[in-house]
Amino acid sequence: MSRYLTSGKIALLALVELYAESRFPNQSVVPVLSFVIRHLVSPKENAAFILTLERIKSATLHQPSAVVGRTIFDLLLKKLWEINSFDALHTFFANIQTYLIEPERADKSPVRVHGEKSMLSRTSVLGCFVRRAALEYVRLQFHDAVSLWRSFIAYREPTLAMWKKRNLGAGPMSFDVNLKGLGFGDGVVGVVYGRGKESRDCTISTDDVERLLEFQVESMQRMGTRVPDDMQVQLRQMLSTNVTIPALTHYVEFLNSWRSGDYPGSFDNLHRYFDYTMHNRDRTFYQYALLNLAILQADFGCYRESILAMQETINTARENKDMACLNFSLSWLYHFHKAHPQDCPDVISSRMERESLQFLKAKAKEGGMHHLQSMAHLSEAKQILVGGESIPAAFESILRSSHLNVTKNIHNAMGSQILLQSSLWSRMGISYLSWMNCEVFLSKYRVNSPIEDVVKALCRSAYIMSLRGKTDEALERLDQVDQECLRALKVYQYWATYVGLLKLRQAMYKGDTAAAELLLQQLSASPYVEPDCALEIAICRLDLLARRGNYSAALTAITQLSEELARDRADIYHRIRVMIIKADLLSKCGRTVKGLSVAISAATIAWRSRLLPALFQAFRTIANILIHMGEFSAAYSMMDNIMPQVLECEDAYLNAQCFSCLADAQMGLAGTRKGAGRNECLHRALEFIDRGFAEYSRIRDTKSQMTLMSQKARIQDFAGEKSLRDDAVKWYKQLKKSS
Amino acid sequence: MATEVPDPHQLHAALQTAVLKCSERCLYQAAKWAAEALTSMPPLVPLNDTPLPQTYLHPTSSHEKEAILQAGELPTYLLSKSYFDVHEYDRSSAVLANCKSSKSRFLHLYAQYIAGEKRRDEESEMILGPLDTAATQNREVQSILSTLEAIFTEKGDNINEDDSWLLYLYGIVLLKQKNEDEARASFIKSVNLYPYNWSAWLELGSTLGNLGDLNNILQSLPNNIMTNIFVLYSNQELYQTSDPVHAQLADLQTIFPTSAFLKTQRALLYYHAREFDEAEAIFDSIVKADPHRLDCLDHYSNILYVMERRPKLGFIAQLASATDKFRPETCCVVGNYYSLKSEHEKAVMYFRRALTLDRGFLSAWTLMGHEYVEMKNTHAAIEAYRRAVDVNRKDYRAWYGLGLSYEVLEMHYYALFYFQRAASLRPYDPQMWQAMGSCFDRMNRPSEAIKAYKRALISPTNTAPDTAVLLQIGLMFEKLNNQKEAARWMEMCLKEEDENSGLTQATSKARMWLARWEFVNQNWAKAAEYANELCQDGQEIEEAKALVRDLRSRMEVGKM
């Protein structure tokens, strides 16, 4: 067990010494030193924690040294094998300090004569490393120093063959000069070095473990992932060597079990962590413990507990004047209130109105907490959108946030911003831009963003693709997600919901009711889904009911749903969509007038909030009702006017419905005209039917395809085109067979 | 002293019995020593008709009455011994409170004594801490003493082999009360009754302050091989390195050819005679033969320290700490290693640890004193040395160290006393006499200084006199205003330079002195000769050159 020193660090020290002896030619200095530095400062990759001799070899084997014909690795080997006894190791540590500049004469000349010792300044990275290493060595008790020495022998042993090449005298006993003339069988060797038993004591130091854990915590907190498997193996290995394990392990365990959805485990570990750190950090971190606890509770659905913990957090943070914690808690509470308004006590609800956001923004700005400020702007934008208010205002907020992200280099807020922007575009019916945003995020910001954002973007883009009718591609895309990301439970649930939704849609269009039923059951079984997913699931359920003709059940369900949405003050977009479906249902049940009024009011709200896809949907419903009421030309002109924009939405289902609506309108018009006028209308209707059919076939909605085909057959029959009619009939039969 | 070679079979049986008896009485070190001696004998050719020897069984007393008593008390005794083995000393002692056999009485009192020692250790303060006064006493001693006295008065002259253990214990408690003479008498009685208890011999050895003491008791020792070993051991402890001692050792080694103990004694003899290479070779072979043996490794480390064999000392430290890092010997070796690497704080830490493990560990006290001297903490050094001397009055290094420390403090009269003690222990060590000489010199007593220095010239090993001493004698004569005599010694010094030692600082100084002296005597030519030689020597050139110039001008004046 050692605090800091390991055999790998000795090798690094030897490299530093070689550098200080000016044995590196100019071209080797940068690569070798950057290799050294990479292992001294906090590392950015998983591989840099345990420094094997192999890694050093590959880094130095091809670097020429100042000695002709020798690589730096050769010199390093020489240096390492010259440490040929415990005493030599001691001397090595004493000597290395002579390369430090004395503080009194710190006038290091910038220009170095060739071959002159290059002194290390005491405060440089290398100087600090050397000083720390020497100090740690002095701190070592004798037997600890000896175990370091023994592990160093084991560490160096694999290079014996290479060392022999240069130095013919080397043998199996040349690791210690004191063993000259002895063999492995001698008792002395057995006592001092043990018989073949490996000492792994000093391969890992507490320092290494600490750095590893810090790295883990950072990446877990920033990216929201779990501990990767190979890292877990490494950690377990480290635990098995009796290194003093820092309390941080428990925190890593906590995050890990939290992400994996192990509620009792995460609780246990969080408490354990804070118990172990209590004695050295005192109560200064109490509020953070509470904060973690609150978030944890909320994540597992214990909202009441969570609120209580958060209130306590806020009180403690206030007491301790910890502004960062306080602001974070307030912002969290704000979001929590938005997400679960029914679970918030009134005291909090009343405070969490708009003013609180203003307050947060002001506080964040005051405290220079740019991340929080950027998030507050986004929240503001979101609030505007949810309330269906001014679009330019929403853009302004997003722009503010974006400005902050770019100027203050806030990488991990990028995801939320782009996602919000993407949803803004899709609400405005510009689906291509929305998709673009997701793709840009995925290809450019993926590395530095929380895993949750990445998966959200992926799901969003897949969803957009499925709307365009490319469900198979979308599913494939979802399958390609990095499995490592899905090890966090929440992320996995989100992803799985989307996969389920896409499949459910597919099954519904195909008319595979049994499969759809099953999928729907599975989807509704999962307790925690995002609100947008929940709405999609509800809509699918209604759709399924309607498709099976169970209108009364559908109507009850929709009434309940709209009531729930109204209670939660949900997103206006969601409410409009529900309204439109209700209008549709009403019109299908024959209560056209009521349906018309609902549809018109939905269209008004949608227009006011610039929710164009919803608006078009409402228009289609209105047009359908108009057709029912025999107002064909009005319906046609209304639909004809919006068609270009509808196509821009790239929603295959909406397109198909609109086309079939147009066809119906033309058919109705044909009934009012005679002669050439009628023929023209019929041809137009046929054209619209074909286009609608094409859209339906994209999403493989066989039932609707069949409806259109039968319509087509009848029109052709009416027009007297026998062969075309037979074609249509054949199509129809084929479709019927396939379904 | 015994001279005849004992019958190996008898000796074998005796040693076996000794091992069993000692371990029965929880005298572990003595048992270990006897067992080592036993196994270091050449293997016996078994006699044909001997039955299974009695010693394999429970060794019973040879006296009937005692044997009956012992047999009756055996269960209680076994209980008590098992308590002792798990370090429950008070309990062990209490169990045997009413027993009557000598064996049970011994263990009863011995456990009481050990319990007292344990409590004393627990009560002691941190080593060399502010409250550590070494005055903490074993509180059981008085009661043990009175019990033992009662037993002995009850027995009168009717004591036998079984009582030898009680006598041994009596000696120990007497020694604790600094009653050395009676203790010695008690030990002598004990070893006469039963000679195979090595602990008794060791304690007897510790009462001997000098060679005279040893010679005084020689007559009263039993005629036994153990006496030979003891005499050899005591000679070694008293730094007698003469040929007869070596011869005696060689005799013993024919009986115990593989004994590591005897080999160690040989190595220590070489060490005392400053023949380090031989000593190192012997220790090397001991370490190789039994790498787990830690006994006397501290002496080995001292040898390596003096020889400045850093890697090897490091290796030995590694070896020792691999075997047991909490043995005082190990701590001393490690401390010595750090001292050699000039890490004195760490060295002190390890010596301190050695002393925490065993307050009576002599070398650690002395070495700690040395470290404090290195760290310029003279007062702590003096205290450490003082403790060393209290533990063992035969450690000349501690006496010498005390003297040096007082010299640093410029308390020469004090220093002189300690140098004298050191010199009395090492009468043929020039270093002691030299130190004494310089002390006299400082105290302005040149005639005594001359005597001391002259004594320093007598050395059994090194025949060539030290030039520095010669120079000092010369300077002392100068102080006595006996210039001629001084010049004679200076010339001797130069002669020595030609013959043996070569150029040293001392000879240069002597030459300078001579040059000046000739100058004063107006022997220009002679003076010039010395001065020119000095110019070639490379030391004190400036002064020599000035002298040469002066001489030239005078000689020129003389010519004119």
Taking R0 as 56 Å, what's the FRET efficiency between B:Gln10 and A:Gln141 from their Cβ-Cβ distance, rounded to 0.05?
0.65
Give me a comma-separated list of calculated 3J(HN,Hα) values for region A:662-673, in order, Karplus coefficients 6.51, -1.76, 1.60 applied at θ = phi - 60°, integers in Hz, x for any Gly or Pro.
4, 4, 4, 4, 4, 4, x, 4, 4, x, 8, 10
Long-range tail of P(r) for region A:515-580 (Cα pairs > 19 Å, %):
31 percent
With θ taken as phi - 60° and the coefficients 6.51, -1.76 and 1.60, list the Karplus ³J(HN,Hα) couplings across region B:207-221 in order, rounded to whole Hz; mark glycine and proline as x.
7, 8, x, 7, 4, x, 4, 4, 4, 5, 8, 3, 5, 8, 7
Quick one: Karplus J couplings for region A:473-481, per residue in order, coefficients 6.51, -1.76, 1.60, θ = phi - 60°, nearest Hz, x for Gly and Pro?
4, 4, 5, 4, 4, 5, 5, 6, 4
With each pseudo-label sitting 7 Å past Cα toward Cβ, what's the B:Glu122-A:Lys594 distance in nm, one decimal?
9.3 nm
Net charge, B:Ser164 excluded, C-beta distance under 13 Å - Lys, Arg +1, Asp, Glu -1:
+1
Can you compute the FRET efficiency between A:Lys736 and A:Glu517 using 1/(1 + (r/R0)^6), with r the Cβ-Cβ distance and R0 = 22 Å? Round to the nearest 0.05.
0.50
What area, in nm² and to one decimal, does the C-alpha convex hull of region A:7-193 cast on average over all directions?
12.0 nm²
Largest first, what is the accessible-area ranking of B:Arg120, B:Arg386, B:Arg442 with a 1.4 Å probe?
B:Arg442, B:Arg386, B:Arg120
To the nearest 0.05, the calculated FRET efficiency linking A:Thr556 and A:Val233 through their beta-carbon distance, R0 being 41 Å, is 0.15
Which pairs in the list A:Lys456/A:Lys503; A:Lys712/A:Lys737; B:Lys81/B:Lys263; B:Lys32/B:Lys325 are over 25 Å apart, alpha-carbon to alpha-carbon?
B:Lys81/B:Lys263
Convex hull volume per residue for the protein assembly as shown, taking Cα atoms only, in Å³:
320 Å³
Extension reserve of the A:Ala694-A:Tyr263 stretch, reckoned as 0.36 nm per residue once the Cα distance is removed:
150.2 nm
To the nearest whole number, what is the average tally of beta carbon atoms from other chains within 10 Å of the beta carbons of peptide B:304-317?
4
Run the quick spin-label model on B:Lys65 and A:Glu484: label points 7 Å from Cα toward the beta carbon, then report their separation in nm to one decimal.
9.1 nm
Starting from the eigenvalues of the Cα gyration tensor, five times each then square-rooted, give me the equivalent ellipsoid semi-axes of chain A, largest first, whole Å.
69, 30, 24
Would you be so kind as to identify which of A:Phe336, A:Ile605, A:Ser738 lies farthest towards the positive end of the dipole of chain A, taking Lys and Arg as +1 and Asp and Glu as -1 on Cβ and the Cα centre as origin?
A:Ser738
Within-10-Å neighbourhood charge of A:His90 [Cβ basis; K, R +1; D, E -1]:
0
How many angstrom separate the Cα center of region B:264-290 from the Cα center of region B:167-207?
29 Å
Sequence-separation-based contact order of region A:616-730, relative, with Cα cut under 8 Å and 6+ spacing, percent:
20 percent
For region B:479-559, the count of lysine pairs 8 or more apart or interchain whose alpha-carbon atoms are under 23 Å apart comes to 12
Treating only the Cβ atoms of Lys and Arg (+1) and Asp and Glu (-1) as charged, compute the dipole magnitude of chain A about its Cα centre; round to the nearest 20 debye.
1220 debye
Distant alpha-carbon pairs in region A:631-738 (separation over 25 angstrom), percent:
20 percent
Length added when fully stretched, A:Val67-A:Arg272, from 0.36 nm per residue minus Cα-Cα
68.3 nm
Please compute the volume of the convex hull spanned by the alpha-carbon atoms of region B:479-559 and report it per residue in Å³.
89 Å³
Pop a pseudo-label 7 angstrom from the Cα along the beta-carbon direction at both A:Glu721 and A:Asn679 and give the gap in nm to one decimal.
1.2 nm
Whenever you get a sec, line up A:His628, A:His250 from highest to lowest accessible area (probe 1.4 Å, protein heavy atoms).
A:His628, A:His250
For chain B, list log₁₀ I(q)/I(0) at each q in 0.06, 0.11, 0.12, 0.13 Å⁻¹, using the Debye formula over Cα point scatterers of equal strength and ignoring solvent, two decimals each.
-0.40, -1.10, -1.26, -1.42
In this model, which of B:Lys178/B:Lys394; A:Lys338/A:Lys382; A:Lys510/A:Lys733; A:Lys361/A:Lys444 are farther than 22 Å apart at the alpha-carbon?
A:Lys361/A:Lys444
Calculated [θ] (222 nm, deg cm²/dmol) that DSSP helices of n ≥ 4 give over the protein assembly as shown, each run adding -39,500 (n - 2.57)
-23500 deg cm²/dmol
Mean separation of Cα pairs under 8 Å and 6+ residues apart, divided by the residue count of chain A: what relative contact order is that in percent?
8 percent
Taking amide H atoms as placed 1.01 Å from N in the peptide plane, list the residues 5 or more away in sequence, or in a different chain, whose amide H sits under 5 Å from that of A:Leu120.
A:Leu100, A:Ile101
Provide the net charge surrounding B:Ala67, with neighbours chosen by a C-beta distance below 12 Å and charges set as Lys +1, Arg +1, Asp -1, Glu -1.
-3
Listed residues A:Met323, A:Met508 arranged by accessible area, highest first, probe 1.4 Å:
A:Met323, A:Met508
Calculate the length of the line joining the C-alpha centroid of region B:383-398 to that of region A:432-509, in whole Å.
84 Å
Please work out the ratio of the alpha-carbon Rg of region A:682-739 to 2.2 N^0.38 Å and round it to two decimals.
1.04
Output the 0 to 90 degree angle, nearest 10, between the alpha-carbon long axis of helix B:446-457 and the longest principal axis computed from the alpha carbons of chain B.
70 degrees
The long-range amide H neighbours of A:Arg468, using H built 1.01 Å from N in the peptide plane and a cut-off of under 5 Å, are A:Ala652
Rounded to the nearest Å, the spacing of the alpha-carbon centers of region B:404-462 and region A:361-414 is 90 Å
Quote the relative contact order of region B:479-559 in percent (integer), defining contacts as alpha-carbon pairs under 8 Å separated by 6+ residues.
22 percent
Checking rank on B:289-297, B:350-358, with mean other Cβ inside 10 Å and highest first, the result is B:350-358, B:289-297
Ellipsoid equivalent to region B:147-277 - semi-axes via the Cα gyration tensor, in Å:
30, 16, 11
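The values are calculated or read from the model by the stated rules, or taken from the named source; none is laboratory data. Computed from a predicted structure; not experimentally measured. Here Cβ is always computed from backbone atoms with ideal geometry, including for glycine, and neighbour counts include all displayed protein chains. What goes into the accessible areas is simple: the full protein's heavy atoms, side chains included, and nothing from ligands, DNA or RNA. Shrake-Rupley method; radii C 1.70, N 1.55, O 1.52, S 1.80 Å.
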